[in-house]
1. Let me know the longest stretch in the chain that avoids all trypsin sites (Lys or Arg not before Pro) found in a DSSP loop with at most 12 other C-beta atoms within 10 Å.
2. Taking 35 Å as R0, compute the FRET efficiency from the Cβ-Cβ separation of residue 46 and residue 157 and round it to 0.05.
3. Which chymotrypsin sites (Phe, Trp or Tyr not before Pro) does region 66-173 hold that lie in a coil by DSSP with at most 15 other beta carbons within 10 Å?
4. Roughly to the nearest percent, how much of the accessible area of region 71-169 is carbon and sulfur, given a 1.4 Å probe?
5. Considering Cα pairs under 8 angstrom that are at least six residues apart, work out the relative contact order of the chain and quote it in whole percent.
6. If you place +1 on the Cβ of every Lys and Arg and -1 on the Cβ of every Asp and Glu, how big does the dipole about the Cα centre of the chain come out, in debye to the nearest 20?
7. Per the Debye formula with a single identical scatterer at each Cα and no solvent contribution, what log10 I(q)/I(0) holds for the chain at q = 0.15 Å⁻¹?
8. Under a plain spin-label model, where a point goes 7 Å from the Cα along Cα-to-Cβ, how far apart in nm are residue 82 and residue 175?
Amino acid sequence: MSSPCDPQYAPVGDVGAVLMMVDSRLKAVHDGKSATDPEQQALMDQFVASLGPGGLDDLLNGACTLIYMFMTWLRKAHESQDKDVLEYVVPTLVATMRMMPRSCPPEVIPMMAGLTIAAGTGLSPNLWRQQYGDWTKEEMTPLEATAFLLAEHINRITENPEFATRMIMEALNNAGGEG
């Protein structure tokens, strides 16, 4: 029986734009820059402001699609080792987010864990989230952080700092660049 949270019913959103944001953060962290570059942040803020309401929905949906794609890869990788992805990924994600209280206030961590669990069990994170009402402003940075942390987790597993980004780019290219 099909679930109303089945990914086939979910809008894909702008995966490319979100991937660009996550990749930019990954590169900054690997370059030893823990603080956000003010010039880069201004450009990102200008980009987001130019999107309008429909564009923001595309970014939200794109972030959820990216989380779904990362969790699908992680689930397959863990299953190949007879491990449960939720057991190994979610506690690490939550523990890391708890160490980032300025970016991830404690009250939004359960929602981010829920998004990740939904994706890890084959449900659409954005459709799962939709049942709880509109997104809040407080969830925006933690949503980006969730995608970032999952990408970094994949990169650590593969011992390749560009693996997660490259994997998604290849998937987008194989889908005809639609995203």
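The values are calculated or read from the model by the stated rules, or taken from the named source; none is laboratory data. Bear in mind the structure is a predicted one, so any value in this text is a computation, not a measurement. When we count neighbours, we look across all protein chains shown, and the Cβ atoms used for this are built from the backbone with ideal geometry, even at glycine. Heads up: the accessible areas ignore ligands, DNA and RNA and are worked out on the full protein's heavy atoms, side chains in. Shrake-Rupley method; radii C 1.70, N 1.55, O 1.52, S 1.80 Å.
1. 103-179
2. Numbers: r = 34 Å, r/R0 = 0.98.
Using R0 = 35 Å, I get an efficiency of 0.55.
3. Values: sites: 68, 70, 73, 88, 128, 132, 135, 148, 163; in loops: 132, 135.
Within region 66-173, the qualifying chymotrypsin sites (Phe, Trp or Tyr not before Pro) (loop, at most 15 other Cβ atoms within 10 Å) are 132.
4. 54
5. About 32 percent, as a whole number.
6. Details: 12 positive and 23 negative charges, 64 e Å.
Using Cβ point charges on Lys, Arg, Asp and Glu, the chain gives about 300 debye.
7. -0.87
8. In this crude spin-label approximation the distance works out to 3.4 nm.
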